[in-house]
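All remarks here apply to the structure that follows.
No lab work stands behind these numbers, since they all come straight from the coordinates. Because the structure is predicted, anything quoted here is derived from the model rather than measured. Cβ: placed from backbone, ideal geometry, glycine included. Neighbour counts: every protein chain shown.
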Amino acid sequence: MMRRKRKSSGFTLVEIMIAMSLLAIGLLSLAAMQLTAMQYGSRGRHLTKAAAVAEARMEMLMRSRWTDLAPTAWTTAVVTNEVIQGASNLTEQAYSTSWQIADVDAGRTRSVDVRVQWTERGRPTREYVISGLRFNHEGL
């Protein structure tokens with residue numbers, strides 16, 4: 001009796017299992033990278049917002065009259081909330097802003113420092129500080 005030789009075409013079960021395992025590892029790695037990218041994206045967004053809050057406060061202080069900028073130690077923090085617009089209007093991040101004003105050259109120049117602080121989950125309190133000089137261009 002003559003046997004016909006079977007052609008071997010296609011993949012074996014072991015080969016398919018190995019290929020699926022490699023695909024699963026690759027997809028899990030990609031998912032982990034996506035989560036990390038999202039975390040860094042939110043951290044960058046918070047830093048950008050803190051810079052904008054500090055810059056707005058600094059501009060307000062620099063536009064103030066010289067007589068309104070009395071030297072002071074760090075002020076009590078003013079809280080600014082970043083709200084996610086939608087049906088619930090949830091607060092995503094709260095920023096605490098404080099500032100101090102000091103005489104550099106009495107009657108001529110004052111330094112203005114603005115500090116914005118915020119907390120992120122799993123990280124210590126973060127802070128963004130900007131400084132500037134205010135000249136008595138009004139001659140008061």
Inset, instruction - Quick one: which residues, 5+ away or cross-chain, put their amide H under 5 Å from the amide H of TYR95? H built at 1.01 Å from N. - result: THR80, ASN81, GLU82
Legend entry - Angle in degrees between helix 13-63 and the longest Cα principal axis of the chain, rounded to the nearest 10: 10
Inset, instruction - Could you go through region 69-76 in sequence order and give the Karplus-derived ³J(HN,Hα) for each residue, using 6.51 cos²θ - 1.76 cosθ + 1.60 with θ = phi - 60°, rounded to whole Hz, and x for Gly and Pro? - result: 9, 5, x, 8, 6, 3, 6, 5
Inset, instruction - Please report THR67, THR97 as a ranked list, fewest other C-beta atoms within 10 angstrom at the top and most at the bottom. - result: THR67, THR97
Legend entry - Tensor-based shape of the chain (alpha-carbon gyration tensor, a/c under 1.5 rounded, otherwise prolate or oblate): prolate
